[in-house]
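For reference, the structure discussed in these notes is given below.
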Amino acid sequence: MSGVFNCPFCGYKDSVEYSVLLHLEVHHSEGKSPFVADEEQTAAAAVAAVTAAAARSGVEATVAKEELTEYYQCPVKSCGEILHLARLDDHLELHNAENPADGSNPGELESGAQPSSSSSCSSSMRAQAAAMPGPSRAKPGVPAGVTPNGIPLSSTGGPHVKPSKPVRRLGKKELGAYYNEERMPRWLEDLLKKRGYKSSQGVIPVLAQLLQQNKYTQYAYLCHPETQHISKLRNEGSFCGYRNIQMMISYIVNTGAPGAIAFRNTIPSIFQIQDLIEKGWDQGIHEEGRIELGSLRGTRKYIGTPEAQTLLASLNIQWDMQTFKNLDGDPPSASENRMYDAVEQYFATAPGVNMQSKVRNTRRPPIYLQHQGHSMTIIGIERQPSGNRNLLVFDPSFADPANITRHIDNRRPVEHSHPDRALKLYRRGPRYFSKYHAFELMRYVHILSRSFFFS
């Protein structure tokens, strides 16, 4: 059946009949809907208010009133992200690294906003947020360490994976402030269609030179240099899951790796990624995602590793996954250290890596990293003389600063008076990860024989 299906109560429209049926069940059910948890029903009734910062910047938001104690809009002009309290301080600090004082002004704050959230949030709220558990949507019962490919791919695109417990509609904790959104604002849709994404190619060789010069780096590994840093557009808010998928695909496309033809040798847009995910659900791949998220097309709902897996599986591209979660009796940093070990082993076992070099360049694909509330792309790992380790990442929330991009393509020699400072935007170490106690790593592996294409 094809065409446009309409909700008889409110006029909601969708080309997928199932989405309209789910909309009816969630929003117009008589009595209690089995698709909506009680806390989400309460939240849905309160959706209406927007943050003061959103009103000042003109960025539309659909944020429930009770969420305002947990979520804040970034006060930096042009950012547009609505963040959980636990992430706000780190986020603002990284904005300063994104706009270093040696070449440009720090990120300008909205009028009346404070540069630190400490003035607007109590210490007790901060402590509560710092204890926020991770990760958001790890499948229950998955042990720490190596996990096999979650969907055994076949000529039919993979079997339906039955969830291990009843599936429910997810809420703000998993899907962000726009969890109940049915359509993003038209201005944002137009922006994304017109501008696509912001990208820098050639950043990894620049970082390699900075790491070589940095006296605080004992050694470092880096992934394939053709991986692009894709970051958000001005005022787009947060599409971090999509941007990390695009970075993974940039490796596939730029290296001509198996799977590039499936993407027609181009990096798909956010809307194309949404279509691929929904098509994967139609094929029976992680189809419980349709109940968890509702309709995804045209919304700002967060996506994570389950949706990235669905996309790759729908194109017959293989991936593998590792999860790290503290076990009973583990010290707080146990899962973090296991993650560092796994990432270092991944790069250290790359074919042809020179273990005698300070900077050990590899041709490994990057890694998709998910923790509670955010995701990034791992491009390497650094060990410092103190023994401390930092992941080297491309964070889609932040663009490459001018003191990095001016060196791309050897336009200028990389001679930085403070290489350690220049690397700050790309490092995530114990100070950052101590807030989280569970992590998911996902990487591209290879493609099987059958080919699929998206339009």
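The values are calculated or read from the model by the stated rules, or taken from the named source; none is laboratory data. Bear in mind that the values here come from a model prediction, so they are computed numbers and not experimental data. All Cβ positions, glycine included, derive from the backbone under ideal geometry; neighbour counts span all protein chains shown.
Number of residues in segment 260-299 that are within 16 Å of Ile245 (Cα to Cα) and touching a strand residue (DSSP E or B) at 6+ places or on another chain (Cβ under 7 Å): the value is 1. For segment 243-258, the count of residues that are at pLDDT 95 or above, buried (at least 21 other Cβ atoms within 10 Å of the Cβ), outside any helix (DSSP H, G or I) and in contact with a strand residue (DSSP E or B) (Cβ under 8 Å, 6 or more places away or on another chain) is zero.
Quickly run through segment 279-290 and pick out the residues that are part of a loop (DSSP other than H, G, I, E, B) and either surrounded by fewer than 20 Cβ atoms within 10 Å (Cβ to Cβ) or within 20 Å of the chain's Cα centre (by Cα) (or both). Explain how you work it out, then say what you get.
The initial filter retains those residues of segment 279-290 that are part of a loop (DSSP other than H, G, I, E, B), namely 283-288.
Gln283, Gly284, His286, Glu287, Glu288, listed by residue number.
Segment 359-415 holds strands (runs of 3 or more DSSP E) entirely within its bounds, and those carrying 3 or more residues that are under 30 Å from Gly256 (Cβ atoms) and aliphatic (A, V, I, L, M) map to 374-383, 389-394. Can you tell me which of Asn403, Asn326, Asn354, Asn337 is free of Cβ contacts under 8 Å to residues at least 40 places away in the same chain and surrounded by 15 or more Cβ atoms within 10 Å (Cβ to Cβ)? That would be Asn337, the only listed residue that is free of Cβ contacts under 8 Å to residues at least 40 places away in the same chain and surrounded by 15 or more Cβ atoms within 10 Å (Cβ to Cβ). Can you tell me which residues in segment 381-434 are within 26 Å of the chain's Cα centre (by Cα) and aliphatic (A, V, I, L, M)? Correct list: Ile381, Leu391, Leu392, Val393, Ala399, Ala402, Ile404, Ile408, Ala422, Leu423, Leu425. The requirement of being in contact (Cβ under 8 Å) with a residue 12 or more places away in the chain, buried (at least 24 other Cβ atoms within 10 Å of the Cβ) and over 19 Å from the mean Cα position of the chain (by Cα) is satisfied by Leu207.
Of all residue pairs spaced 6 or more apart or on separate chains, those with beta-carbon atoms under 7 Å, a first member in segment 374-399 that is in contact (Cβ under 8 Å) with a residue 60 or more places away in the chain and a second member that is part of a strand (DSSP E or B) and of a type in the set (Phe, Trp, Tyr) are Ser375/Tyr368; Met376/Phe394; Thr377/Tyr368; Thr377/Phe394; Ile379/Phe394; Gly380/Tyr221; Ile381/Tyr221; Arg383/Tyr219. Close contacts from segment 168-193, counting a first residue that is touching a residue at least 40 places away in the same chain (Cβ under 8 Å) and under 20 Å from Pro306 (Cα atoms) and a second that is of a type in the set (A, V, I, L, M) and part of a loop (DSSP other than H, G, I, E, B), with Cβ to Cβ under 7 Å and a gap of 6+ residues or different chains, come to Arg168/Ala37; Arg169/Ala37; Gly171/Ala37; Ala177/Ala61; Ala177/Val63; Tyr179/Leu170.
Taking every residue in segment 73-100 that is closer than 15 Å to Arg431 by Cα and pairing it with any residue that is among the small types (Gly, Ala, Ser) and modelled with pLDDT of 75 or more, at least 6 positions away or on another chain, the pairs with Cβ-Cβ distances below 8 Å are Ala86/Gly373; Arg87/Gly373; His91/Ser397; Leu94/Ser397.
Scanning segment 291-316 for residues that are closer than 15 Å to Leu369 by Cβ and part of a loop (DSSP other than H, G, I, E, B) yields a total of 3. Among the residues of segment 263-275, those identified as crowded, with 20+ Cβ neighbours inside 10 Å and either assigned to a loop (DSSP other than H, G, I, E, B) or touching a Ser or Thr at 6+ places or on another chain (Cβ under 6 Å) (or both) are Ile267, Pro268. Of the candidates Gln345, Gln372, the single residue that is at pLDDT 95 or above and either touching a Pro at 6+ places or on another chain (Cβ under 6 Å) or surrounded by fewer than 24 Cβ atoms within 10 Å (Cβ to Cβ) (or both) is Gln345.
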